[in-house]
Amino acid sequence: MPEVRIRPAVKVSAPRPAPSAASADPSMIEIEDLTLHYGTKPALKGISMSIPKNKVTAFIGPSGCGKTTLLRCLNRMNDLIDGVRIEGRIRIGGREIHDGSLDVIDLRKRVGMVFQKSNPFPKSIYDNVAYGPRILGAGSRVDLDATVERSLGAAALWDEVRDRLHESALRLSGGQQQRLCIARAIAVEPEVLLMDEPCSALDPIATARIEELMEELKARYTIVVVTHNMQQAARASDVTGFLLLGELVEFGETATIFTTPRDRRTEDYITGRFG
Amino acid sequence: MMEHTSRQYELDLQELKEEILLLGGTVEEMIDSAMRSILSRDPDLARRVIASDPKVDAAELEVDHLCLNLLALRQPAASDLRFIATALKIVTDLERIGDLAVNISERSIELNEEPPLKPYIDIPRMAQAAATMLRQALDAFVKRDPEEARAVLAADDAVDKLNVQLFRELLTYMIEEPKNVSRALRITFVAKYLERIADHATNIAQMVIFMCEGRDVRHPGVQAAAARREPG
């Protein structure tokens, strides 16, 4: 349970200037002094960070550190929870996402999400991928076919399902279902892809395929992934943020975080010294 | 520093550290014995140093084995990763120092077959300096003390200078009298071996700085050039 802080949310972990590789890249998401309370309990405390475009950014930290909450802020999924209070600014592609004039549906189109447990609709493979484009008023059948093929191709699933597009998605394996969810998310051409523990229910081979996919997809999308698996963050991300008790303790190039972290708390966590 | 949540991991790292220290102690003793065998003209002592070399080789293999297991099984990160990388590198330096002590002992046996060329003055000073550097480098490793490691780097020049000075002096012996050549050459070799030992101690100290601070202090010229190529 996150502790209740008596003193005001002073930024102990003041937003350090991101190290060279992170700061040199153009940013896609700017988070400024973000604080979030569930009721009276603070879950995020004064978070500031700049998430680079066309990179994979990983959030790591122990359970309850706020990493999933932070991820869910990025497409305003926390709006759906009672008693949530959010302060601070989040700009995606230069636009403030809490702006009253912003259409949340439009935001979620720009910021797609893949969840821990794959959640295909109980429909055919084709209809799963076509779902978003149809809602958004897809063009002709030919256009839709092209979108489905392109999305399944980008999710590295096309070759496995091209002959059974009209079978139920629920008959796919766990790893295939997760890639189908990625295909569904990218079918609407988002700018950002959020992934919440996308591999925690997958075996190592399916995990490796998703990680490889992240590497390919980042050329077109900005990817933010939450993971419990530190090795996954080390393998698959360019930039890593370490959260602890709602604070962003350290944020920087993944190679630096895993070889020479600056903060003792990061060091203890990634070397397996859990207090 | 807090202990690892995995007790076995903590024990494995401790074992690696102890192996390195044991090996360090062995090669320190070998240098000491090799030098005493020269100064006291004791070929038996030299032969004992030569006989202890397989122990050093076995320790090197053991350290490599421990490091590979830790890398494969624990996926170490940050300070643990730097510690294991350092162990892997310095074990090679320690093994080479062992070989150099063996080389000194071989020259010692050969020198004992002839009458002494001259009283030894600079050679014991070099040996003392090189041994102190090794001692300090190993202490810095144990204590994770980058300042002590820096003191080792600073000491290397003095050993190099003694080596050059000794070489000049022995050259005059060789020019004066051809009969001196074989002995003078052997002493020159010994000086070279000691200078190499100091270099290996320097390598160890550089790795200890990397282990402590995550900064690579080797080859500053190359690193400066790389930094110029990649601005920002």
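Can you tell me which residue within segment A:251-275, out of those that are more than 9 Å from every other protein chain (Cβ to nearest Cβ) and in a helix (DSSP H, G or I), is surrounded by the fewest Cβ atoms within 10 Å (Cβ to Cβ)?
Among them, the one singled out is A:Ala255.
With the requirement that a residue be outside any helix (DSSP H, G or I) and surrounded by fewer than 13 Cβ atoms within 10 Å (Cβ to Cβ), what does segment A:140-177 give you? Show your work before the answer.
Within segment A:140-177, the subset outside any helix (DSSP H, G or I) is A:140, A:155-157, A:165-168, A:172-173.
Hits for segment A:140-177 are A:Ser140, A:His166.
Answer with yes or no whether A:Ala187 is buried (at least 19 other Cβ atoms within 10 Å of the Cβ) and either among the hydrophobic types (A, V, I, L, M, F, W, C) or away from every other protein chain (no Cβ under 14 Å) (or both). Working first, answer last.
On the way: buried (at least 19 other Cβ atoms within 10 Å of the Cβ): yes; either among the hydrophobic types (A, V, I, L, M, F, W, C) or away from every other protein chain (no Cβ under 14 Å) (or both): yes.
Judged against the criteria, A:Ala187 is a match.
Since A:Ala185 meets every condition but one in (1) part of a helix (DSSP H, G or I); (2) over 19 Å from A:Ile135 (Cα atoms), which condition does it not meet?
(2)
Condition test on A:Leu248, is it touching a Cys at 6+ places or on another chain (Cβ under 6 Å), away from chain B (no Cβ under 14 Å) and outside any helix (DSSP H, G or I)?
Working: touching a Cys at 6+ places or on another chain (Cβ under 6 Å): no; away from chain B (no Cβ under 14 Å): yes; outside any helix (DSSP H, G or I): yes.
So A:Leu248 does not fit the description; no.
Here's the yes/no breakdown for (1) farther than 21 Å from B:Asn203 by Cα; (2) within 14 Å of chain A (Cβ to nearest Cβ):
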residue: B:Leu39; (1), (2): yes, no
residue: B:Pro54; (1), (2): yes, no
residue: B:Asp57; (1), (2): no, no
residue: B:Leu81; (1), (2): no, yes
residue: B:Thr86; (1), (2): no, yes
residue: B:Ile90; (1), (2): no, no
residue: B:Ile97; (1), (2): no, no
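Can you name the residue in segment B:1-42 that is basic (Lys, Arg) and assigned to a helix (DSSP H, G or I) and, of all such residues, is surrounded by the fewest Cβ atoms within 10 Å (Cβ to Cβ)? Please lay out each step first, then the result.
Residues of segment B:1-42 that are basic (Lys, Arg), as a first pass: B:7, B:17, B:36, B:41.
Among the residues that remain, those that are also assigned to a helix (DSSP H, G or I) are: B:7, B:17, B:36.
Details: B:Arg7: 9, B:Lys17: 15, B:Arg36: 17.
The extreme case among them is B:Arg7.
How many residues, within segment B:55-77, are modelled with pLDDT of 95 or more, among the small types (Gly, Ala, Ser) and surrounded by fewer than 18 Cβ atoms within 10 Å (Cβ to Cβ)?
1
Is there a residue being free of Cβ contacts under 8 Å to residues at least 24 places away in the same chain, surrounded by fewer than 21 Cβ atoms within 10 Å (Cβ to Cβ) and either within 14 Å of chain B (Cβ to nearest Cβ) or not in a helix (DSSP H, G or I) (or both) anywhere in segment A:223-235?
Filtering segment A:223-235 down to residues free of Cβ contacts under 8 Å to residues at least 24 places away in the same chain leaves A:231.
Right, trim to surrounded by fewer than 21 Cβ atoms within 10 Å (Cβ to Cβ) and you get A:231.
Of the ones still in play, those that are also either within 14 Å of chain B (Cβ to nearest Cβ) or not in a helix (DSSP H, G or I) (or both) are A:231.
Taking every residue of segment A:223-235 in turn, at least one turns out to be free of Cβ contacts under 8 Å to residues at least 24 places away in the same chain, surrounded by fewer than 21 Cβ atoms within 10 Å (Cβ to Cβ) and either within 14 Å of chain B (Cβ to nearest Cβ) or not in a helix (DSSP H, G or I) (or both).
Tell me the residue from B:Ala131, B:Ala201 that is aliphatic (A, V, I, L, M), in contact (Cβ under 8 Å) with a residue 24 or more places away in the chain, surrounded by 21 or more Cβ atoms within 10 Å (Cβ to Cβ) and in a helix (DSSP H, G or I), please. Give the steps one after another, and end with the answer.
Values: B:Ala131 fails: surrounded by 21 or more Cβ atoms within 10 Å (Cβ to Cβ).
Being aliphatic (A, V, I, L, M), in contact (Cβ under 8 Å) with a residue 24 or more places away in the chain, surrounded by 21 or more Cβ atoms within 10 Å (Cβ to Cβ) and in a helix (DSSP H, G or I) holds for just one of B:Ala131, B:Ala201, which is B:Ala201.
Is it the case that A:Asn75 is buried (at least 19 other Cβ atoms within 10 Å of the Cβ), in a helix (DSSP H, G or I) and either touching a strand residue (DSSP E or B) at 6+ places or on another chain (Cβ under 6 Å) or at negative phi (or both)?
Working: buried (at least 19 other Cβ atoms within 10 Å of the Cβ): yes; in a helix (DSSP H, G or I): no; either touching a strand residue (DSSP E or B) at 6+ places or on another chain (Cβ under 6 Å) or at negative phi (or both): yes.
Spelling it out, it is not the case that A:Asn75 is buried (at least 19 other Cβ atoms within 10 Å of the Cβ), in a helix (DSSP H, G or I) and either touching a strand residue (DSSP E or B) at 6+ places or on another chain (Cβ under 6 Å) or at negative phi (or both).
Quick grid of which residues meet (1) within 14 Å of chain A (Cβ to nearest Cβ); (2) under 30 Å from B:Asn112 (Cβ atoms):
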| position | (1), (2) |
| --- | --- |
| B:Met2 | yes, no |
| B:Thr5 | yes, no |
| B:Leu13 | yes, no |
| B:Glu18 | no, no |
| B:Glu29 | no, yes |
| B:Ala34 | no, yes |
| B:Cys67 | no, no |
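So that you can scan it fast, the table gives a plain yes or no per residue for (1) out of contact with any helix residue (DSSP H, G or I) (no Cβ under 6 Å at 6 or more places or on another chain); (2) at positive phi; (3) of a type in the set (Val, Ile, Thr):
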site	(1), (2), (3)
A:Arg95	yes, no, no
A:Leu107	yes, no, no
A:Asn128	no, no, no
A:Ala156	no, yes, no
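The values are calculated or read from the model by the stated rules, or taken from the named source; none is laboratory data. Computed from a predicted model, the values in this text were never measured in an experiment. Note that we place each Cβ from the backbone using ideal geometry, even for glycine, and neighbour counts take in every protein chain shown.
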